[in-house]
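Colleague: Here you go, one structure.
Taken together, the values in this text are just the output of simple stated rules run on the coordinates, not laboratory data. Quantities reported herein were computed from a predicted structural model and do not represent experimental measurements. With ideal geometry, Cβ positions are generated from the backbone for all residues, glycine too; neighbour counts draw on all protein chains shown.
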Amino acid sequence: MLAAVRLPESRYDRADPFGELRALAEQAGAVVVGEISQSLDRPVPGTYMGTGKVRELKGLCERVGATTVIFDHDLSPRQIANIEQAVERKVLDRSELILDIFAARAATHEARLQVELAQLEYTYPRLRAMWDHLERIVGRGGIGGVGTRGPGEQQLEIDRRLVQRRRLALQRELAEIQARKRRAVRKRNEEHFTIGLVGYTNAGKSTLFNTLTAGGAYADDRLFATLMTRTREWAVEGGLRVMLSDTVGFVRDLPHNLIASFRATLEEATHADLLLIVLDASDPAAEHHLGVVERTLDDLFAEVRRQEEREGEDGWRAPERLLILNKADRLRDNAELLVWKHKRPGAIAACALPGPDGRPRAGADELAAAVALAARGAEREVLVTLPSADARAVHLIETEGRVLDRSYNDSEVTLRARLGERQLVRLRAASPLARIADALDLRRA
């Protein structure tokens, strides 16, 4: 049974209020047999729902044979205990459900560590409620005082120490993984233009990733099909190659603990040069989904900025964002697409599924042009003079720029080429001896 309290500030899809929770429950292996909701100005402290609605919930569960109730909110341990006592059924909240799905999907060592840490972060503040029934035993018959604490209190302290010890161990191991990944990502960024695919879960990120790179990411029509980051090279156009990363999808009210523990997985996105936000434009809740993604990114980037400041590092900049209106071929008419283009100038309509030529069925040329412009920067014609032995710099110019002419003398080569601003920055870093002049300025002189 799905249950929810709709508050004035609640964010959810009005057209299908339980659509996302239903999909999450089904991904966790549940069979949804009913839904119940209540509109309130504020939650009831003890049971979140009103007491009359809780009685109605129990009756509905009995009629349809529901054995579990899943709430579309985060509940306190006391609220869960009170509702379970009233409805005589197991009660889960939204975070516990999402954590269960992540735990079932975690396939790598890193992902399993991240899920375990998130579960411990969720469990730790709830330990007292779990042992409340034993603590009440201690107070019976006037037993109390120093040295007379009962088994509940003793076990609670033991559990807290065990959980805290494991949390610290996981945090240390994940911090090492994150530090290694950050170094690897930064080194890759020095050599390549990097792009992160982000978006709402099941928006088509992995399908687009596979179409652009033949990267072999797992893609399926279900929530959280991808829980690990995969990076592959993407040949954009004219010899330009970039690194493209597929990342875990977002959902509404993604548990904060999960965002924090999955920082290492999202490292590719936080340090990318460009983010492609993949949106299922055909979904009736597309506007809502885009808002969730942008708020999640804002929260994630704020956390990265705080960490950079704590570590005394300055220079990190949030990546630019480009919106991809995926599944545009499913829109009813062109008017819907025009509305999106008006609301989001620069958005690219696309269909991630591969066409006969192996490229995306729609939007391939526009997407490649936009990425090439971002990767190269504004192009200009330059004369580059460098040592003939500097093969790395010559290779960079030939593969990522357009060589228009070249001349040699005994020890140097001069190339006239069109290069973007980003390529010029990389060229100066790769070859400090290179002399670069604007070809048009020289021609005018």
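Colleague: Per residue of segment 82-95, in order, report the coupling 6.51 cos²θ - 1.76 cosθ + 1.60 (Karplus, θ = phi - 60°) as ³J(HN,Hα) in whole Hz, putting x for Gly and Pro.
Modeller: Once rounded to whole Hz, the list reads 5, 5, 4, 5, 6, 9, 6, 8, 5, 10, 10, 9, 4, 4.
Colleague: Quick one: order Ile177, Ile397, Ile348 by neighbouring beta-carbon count within 10 Å, fewest to most.
Modeller: Lowest to highest Cβ neighbour count: Ile177, Ile348, Ile397.
Colleague: So how much slack lies between Val32 and Arg402, counting 0.36 nm per residue of separation and subtracting their Cα-Cα distance, in nm?
Modeller: 127.3 nm
Colleague: How much FRET efficiency would the formula 1/(1 + (r/R0)^6) give for Glu303 and Arg330, where r is the Cβ-Cβ distance and R0 is 41 Å, rounded to 0.05?
Modeller: In this case the efficiency is close to 0.75.
Colleague: Quickly work out the Ala15-to-Ala169 label distance, labels modelled 7 Å from Cα along the C-beta direction, and quote it in nm with one decimal.
Modeller: 4.9
Colleague: Follow-up question, since we're still on this one. At a Förster distance of 51 Å, what's the computed FRET efficiency of Arg6 paired with Arg310, Cβ-Cβ distance as r, to 0.05?
Modeller: Calculated value: 0.85.
Colleague: Run the reach check for Lys90 against lysines, Cα to Cα strictly under 16 Å, same-chain hits fewer than 8 apart removed. What comes back?
Modeller: By straight Cα distance, Lys90 reaches Lys58.
Colleague: Here is a further query. Through the Karplus equation 6.51 cos²θ - 1.76 cosθ + 1.60, θ set to phi - 60°, convert the phi angles of segment 109-115 into ³J(HN,Hα) values in whole Hz; use x for Gly and Pro.
Modeller: 4, 4, 5, 5, 4, 5, 5
Colleague: Under a cut-off of 26 Å between alpha-carbon atoms, report the lysines in cross-link reach of Lys181, not counting same-chain residues fewer than 8 places apart.
Modeller: Lys205
Colleague: Something else now. Can you give the charge dipole size of segment 298-366 about its Cα centre, rounded to the nearest 20 debye, using +1 on the beta carbon of Lys and Arg and -1 on the beta carbon of Asp and Glu? Write down the numbers at each step before the final one.
Modeller: Numbers: 13 positive and 15 negative charges, 99 e Å.
With Lys and Arg at +1 and Asp and Glu at -1, about 480 debye.
Colleague: I've got another one for you. Roughly what % antiparallel, to the nearest 5, for the DSSP beta bridges in segment 2-92?
Modeller: For segment 2-92, the DSSP antiparallel bridge percentage is about 10.
Colleague: If amide H atoms are built 1.01 Å from N in the plane of the peptide, which residues on other chains or at least 5 residues away come under 5 Å of the amide H of Val44?
Modeller: Met49
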